[in-house]
Ligand SMILES: Cc1cc2nc3c(=O)[nH]c(=O)nc-3n(C[C@H](O)[C@H](O)[C@H](O)COP(=O)(O)OP(=O)(O)OC[C@H]3O[C@@H](n4cnc5c(N)ncnc54)[C@H](O)[C@@H]3O)c2cc1C
C-alpha cells in the first residue's frame, strides 16, 4: 500500500491540493528591448547579523528581472484551449494556490482584465533558463509555445521546459499538536507540504520546528512551541493546528497580529536565547547578543529620560543612527 493509503488506514484525514509552475525559456532568445528592466535592490538586506562584507558584495552584483505582460492574443489562445488544461478542465480536481494561480485561472476569474503582469526572472548565473513568473500553466506543450510567442519580448523565445501542474495529498493539520507531532501517533512529526502549506520557506520553517521537537522527543527533553508573538513560524503553526486550511496555505505577513514585533532586525533578540538553550546555537554566536542587549537597553533608558526635551531627543536620535549596531 502506498504512503497516503497507509496514513488513511491509521486514521489520518487526507485532502487533495494542486499546484503548478510556468514554462522556462532560453534567456538568449528573449528580446529584452521590448520589456522593462527591474533591477535588484541597490542596498540589499540580509536575514542574519552574521552576514559579512563578502556576502554584501556577492548580492550587490545582481542579475535583473524583466517585466512584460500577456495580451488579448494570449488570452484568446487560452480561452480557446481551456478544455485541454487538466488544471482547469477538472481532470485535476484539488484546490489550487490562491496566491499563485495558473494563467488559465486568472483569465477566467478576472475576465475583464486586458493583460496580466509577467516577470521574466533569471534562474541563476550558470544557466540560460529564465522563469516566466505569472504564467503557471498546465496547457499542452504546443499551446504553451504559442502563448509564450504571443507575448512582447518573447516572440522568438525558445521554450526550454514546459510548465506543468501536479496534485498531491495533505494530512489535515487539525490532527497535529503545536509541536508538529501528530496527535494519532506519538513520536511521529510532519512538516511542509504534507501539512497543507505551499512554499519553500513554509516547508523549511516547519521542518526545523518538527526536527527540533523530534530530537527533543527522542532525548526525553521538553519540546518547544513558538508563540504567535515569537516568530512567523509560530503564526503559521498556530493557524494550521487551530484553523486548519482549505487551500494551500502561504505565510503572509498580514496573518500576524504582532508584525511590528516580528521584524528581521530583532530576530536575534527573539530567538537566539532559545536556540542557545536547545544547544543549536554555539557560545561564540550567543555571546555577541549580550552587549547588543545592553546597548539597546541603554538607548531605551536614555530615550525615556529625555522625553521632555525634544531638541535633545533629535540630537540623540541622529547620534544613535551613526553609532554601530
Ligand atoms: C510545480 C511546483 C512549483 C512550485 N513552485 C514554487 C515556488 O515558485 N515557490 C515556492 O515557494 N514554492 C513552490 N512550490 C512549493 C514547494 O516546492 C513545496 O511546498 C515545498 O518544496 C514542500 O517541501 P516539503 O519538504 O514539504 O516536501 P518536498 O520538497 O516534496 O519533499 C518531500 C521529500 O520526501 C521524499 N519522499 C516521499 N516519500 C518518501 C518515502 N516514502 N520515503 C522517503 N522519502 C520520501 C520525496 O522524494 C521528497 O524529496 C512549488 C511546488 C510545485 C510542485
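The values are calculated or read from the model by the stated rules, or taken from the named source; none is laboratory data. Everything numeric in this text was worked out from a predicted model, so none of it was measured. So basically every Cβ, Gly included, is an ideal-geometry build from the backbone, and we count neighbours across all protein chains shown.
So the values come out like this:
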| read-out | value |
| --- | --- |
| Residue match in segment 168-191 (condition: more than 28 Å from residue 235 (Cα to Cα), within 16 Å of the ligand (Cβ to nearest atom) and in contact with a strand residue (DSSP E or B) (Cβ under 7 Å, 6 or more places away or on another chain)) | no |
| Qualifying residues in segment 192-203 (those that are out of contact with any strand residue (DSSP E or B) (no Cβ under 9 Å at 6 or more places or on another chain) and in contact (Cβ under 8 Å) with a residue 12 or more places away in the chain) - the one nearest to the ligand (Cβ to nearest atom) | 192 |
| Failed criterion for residue 179 (all others in (1) under 22 Å from the mean Cα position of the chain (by Cα); (2) at pLDDT below 95; (3) in a loop (DSSP other than H, G, I, E, B) hold) | (2) |
| Residue match in segment 214-221 (condition: touching a helix residue (DSSP H, G or I) at 6+ places or on another chain (Cβ under 7 Å) and over 26 Å from residue 107 (Cβ atoms)) | no |
| Every residue from segment 214-240 that is farther than 17 Å from residue 99 by Cβ, more than 16 Å from the ligand (Cβ to nearest atom) and outside any loop (DSSP other than H, G, I, E, B) | 215, 216, 217, 218, 219, 234, 238 |
| Criterion violated by residue 74 - all others in (1) in a helix (DSSP H, G or I); (2) under 29 Å from residue 40 (Cβ atoms); (3) under 24 Å from the mean Cα position of the chain (by Cα) satisfied | (3) |
| Odd one out for residue 157 among (1) out of contact with any helix residue (DSSP H, G or I) (no Cβ under 8 Å at 6 or more places or on another chain); (2) farther than 16 Å from residue 78 by Cα | (1) |
| Selection from segment 204-246 of residues that are in contact with a strand residue (DSSP E or B) (Cβ under 7 Å, 6 or more places away or on another chain) and surrounded by fewer than 16 Cβ atoms within 10 Å (Cβ to Cβ) | 246 |
| Subset of segment 131-167 [over 18 Å from residue 104 (Cα atoms) and within 14 Å of the ligand (Cβ to nearest atom)] | 161 |
| Filter pass, residue 73 being at pLDDT below 95 and either touching a helix residue (DSSP H, G or I) at 6+ places or on another chain (Cβ under 9 Å) or more than 30 Å from residue 286 (Cβ to Cβ) (or both) | no |
| Test for residue 292: is it surrounded by 14 or more Cβ atoms within 10 Å (Cβ to Cβ) and closer than 19 Å to residue 320 by Cα | yes |
| Strands (runs of 3 or more DSSP E) contained entirely in segment 90-171, each with at least 3 residues that are crowded, with 18+ Cβ neighbours inside 10 Å and without any contact (Cβ under 8 Å) to a residue 12 or more places away in the chain | none |
| Residue count, segment 60-89 (criterion: without any contact (Cβ under 8 Å) to a residue 24 or more places away in the chain and surrounded by 12 or more Cβ atoms within 10 Å (Cβ to Cβ)) | 4 |
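Listed here are the residues, each with its yes/no results for (1) surrounded by 13 or more Cβ atoms within 10 Å (Cβ to Cβ); (2) more than 14 Å from the ligand (Cβ to nearest atom); (3) part of a loop (DSSP other than H, G, I, E, B).
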position	(1), (2), (3)
7	yes, no, no
11	no, yes, yes
17	yes, no, no
43	no, yes, yes
47	no, yes, yes
51	yes, yes, yes
54	no, yes, no
58	no, yes, no
